[in-house]
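*Asks:* Structure below; questions to follow.
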Ligand SMILES: Cc1cc2nc3c(=O)[nH]c(=O)nc-3n(C[C@H](O)[C@H](O)[C@H](O)COP(=O)(O)OP(=O)(O)OC[C@H]3O[C@@H](n4cnc5c(N)ncnc54)[C@H](O)[C@@H]3O)c2cc1C
């Protein structure tokens, strides 16, 4: 956003509570690799230029990439500056920080979609003898006590941690609810090549039928590894990880799992098939067919012959639970009435509702399917900067037309 505001000659400052790339430095587990290939690490006027465009960055490389971009863009970042409160003024906003106060006409909430671990209320019923970690407090398998590990959630984070912890020699049970299955490669190309080139990733928020649902979808079961392998439930089960249904309740120390695993699997398989159909149709229509491999279809997710419906958490079988149940933003510092009763930001494609001059970036399907990814920031920022330029020039009434143009 800073880079495109500079292009519009809009005077601005970037406030960061830690250092540049803070979330990558402080809030991720040690082994994290991006699930987006290097060639997709693109920010305005800046892109990965190393020798391995099809590889995946590890944490130190991501930090280097983002700090390199901040320097390249000469972004006016004030680090170690935490925003503690934002209030409305007649013509803008008062931003209170731990280093003083700023007044501005426009404000961009770029504090991320993943500030707090979303842990279900039922965690309160877990016996004290079981150590509970979130994806923020998990760093590596060495920090875990001996014994079995229950991982709740099978989105990108859950499947990656299940794989890592299982490889460390611990028995792992994975609770699976609604999930998004994806093959890493399809017809000889990375799945994100298909997402990007077929236009699926760029699909706009106002063209998505059920936007609410799209915004709530878990992240896809993907991992970035040297071998470009698929990390789906078939891979995990074959490795020896026990797959159980969604964690529905913890009663008297016993974890109870839903029984609808076969349905969940069938739904995820069907959705993946439909996505592959979309890719095939695009390849046919654009004659890309000749450049890629033949059409493929993948084996359905195997339903285990018998699935456990309960697990006694007092028995000692499970020593650790990792809540990989998603993330949510933290807006506790926002003293402006722009949140729903569920604490979600009310916005139209990043233009915050009922708060003239306030914008948001980096939220799920904000303006495009790819909005929460590094690669999604540029297009969204360009749209919103254009909107802001119009607003600052006193053309606030044309907001929607400009933004959607
Ligand atoms: C586990 C995980 C894996 C991911 N993997 C990928 C991937 O493979 N590829 C990909 O493209 N994207 C990935 N993402 C998404 C990516 O991390 C970012 O969410 C995305 O790049 C959007 O960046 P952002 O700057 O909006 O948010 P963030 O990177 O979260 O940055 C927000 C910044 O705001 C700061 N901040 C927050 N509150 C305050 C405050 N009150 N005052 C001052 N500063 C504040 C934070 O310190 C942080 O630096 C992943 C996300 C997660 C959680």
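*Asks:* Mind ordering 187-193, 260-266 by average Cβ neighbours within 10 Å, highest first?
*Replies:* The most tightly packed comes first, giving 187-193, 260-266.
*Asks:* Ok, one more. Estimate the FRET efficiency between residue 17 and residue 306 by the formula 1/(1 + (r/R0)^6), using the beta-carbon distance for r and 35 Å for R0, to the nearest 0.05.
*Replies:* Calculated value: 0.10.
*Asks:* Taking all pairs of distinct Cα atoms, average 1/r, flip it, and tell me the Kirkwood hydrodynamic radius of the chain in Å to one decimal place.
*Replies:* It is 22.9 Å.
*Asks:* Still on this structure: Can you show me the helix-derived [θ] at 222 nm for the chain, built from DSSP H runs with n ≥ 4 at -39,500 (n - 2.57) apiece and divided by the number of residues, rounded to the nearest 500.
*Replies:* -7500 deg cm²/dmol
*Asks:* Please give the peptides 203-211, 62-70 ranked by average Cβ packing (other Cβ atoms within 10 Å per residue), highest first, as a rough proxy for protection.
*Replies:* 62-70, 203-211
*Asks:* Additional query: When only C-alpha pairs under 8 Å and at least 6 residues apart count, what is the relative contact order of region 1-144, in percent?
*Replies:* Worked out over region 1-144, it gives 26 percent.
*Asks:* Could you estimate the translational diffusion coefficient of region 200-325 from the Stokes-Einstein equation, with Rh from the Kirkwood formula over C-alpha pairs, at 37 °C and 0.692 mPa s, in whole µm²/s?
*Replies:* D, rounded to a whole number, is 183 µm²/s.
*Asks:* So, R0 is 25 Å and r is the distance between the beta-carbons of residue 237 and residue 31; what FRET efficiency does that work out to, to 0.05?
*Replies:* Computed FRET efficiency for residue 237 and residue 31: 0.70.
*Asks:* On C-alpha positions alone, give me the angle between the axis of helix 377-392 and the longest principal axis of the chain, in degrees, nearest 10.
*Replies:* Roughly 30 degrees, rounded to the nearest 10.
*Asks:* Which three extents, in angstrom, do the Cα atoms of region 250-298 have along their principal axes, listed largest first?
*Replies:* Taking the Cα atoms of region 250-298, the three principal extents are 60, 14, 13 Å.
*Asks:* Rounded to the nearest 5, what is the percent of antiparallel bridges among the DSSP beta bridges in the chain?
*Replies:* 55
*Asks:* Angle between the Cα long axis of helix 59-72 and the longest principal axis of the chain, 0 to 90 degrees, nearest 10?
*Replies:* 10
*Asks:* Going by the alpha-carbon gyration tensor, a ≥ b ≥ c the square roots of its eigenvalues, is region 46-156 rounded (a/c under 1.5) or, if a/c is not under 1.5, prolate (a/b greater than b/c) versus oblate?
*Replies:* Oblate.
*Asks:* Quick one: which of 74-81, 174-181 comes out on top by average Cβ neighbours within 10 Å, and what's the full order, highest first?
*Replies:* The most tightly packed comes first, giving 174-181, 74-81.
*Asks:* Okay, moving on. When only Cα pairs under 8 Å and 6 or more residues apart are kept, what is the percent relative contact order across region 63-123?
*Replies:* Across region 63-123, relative contact order equals 18 percent.
*Asks:* What's the angle, to the nearest 10 degrees (0 to 90), between helix 156-167's Cα axis and the longest principal axis of the chain?
*Replies:* 40
*Asks:* Classify region 253-405: rounded, prolate or oblate, from the alpha-carbon gyration tensor (a ≥ b ≥ c, eigenvalue square roots; a/c under 1.5 rounded; otherwise prolate if a/b is larger than b/c)?
*Replies:* Oblate shape, in that a/c is at least 1.5 and b/c is the bigger or equal ratio.
*Asks:* Another one. Just to be sure I understand the curve: with the Debye formula and one point per C-alpha of region 303-388, what is log10 I(q)/I(0) at q = 0.10, 0.11, 0.21, 0.24 Å⁻¹?
*Replies:* The calculated log intensity ratios at q = 0.10, 0.11, 0.21, 0.24 Å⁻¹ are -0.45, -0.51, -1.03, -1.27.
*Asks:* For the chain, what relative contact order do you get, as a whole percent, if you take Cα pairs closer than 8 Å and at least 6 residues apart?
*Replies:* In percent, rounded to a whole number, it is 23.
No value in this document is a laboratory result; all are computed from the given coordinates. Since the structure is predicted, the reported quantities are computational estimates derived from the model, not experimental observations. Cβ: placed from backbone, ideal geometry, glycine included. Neighbour counts: every protein chain shown.
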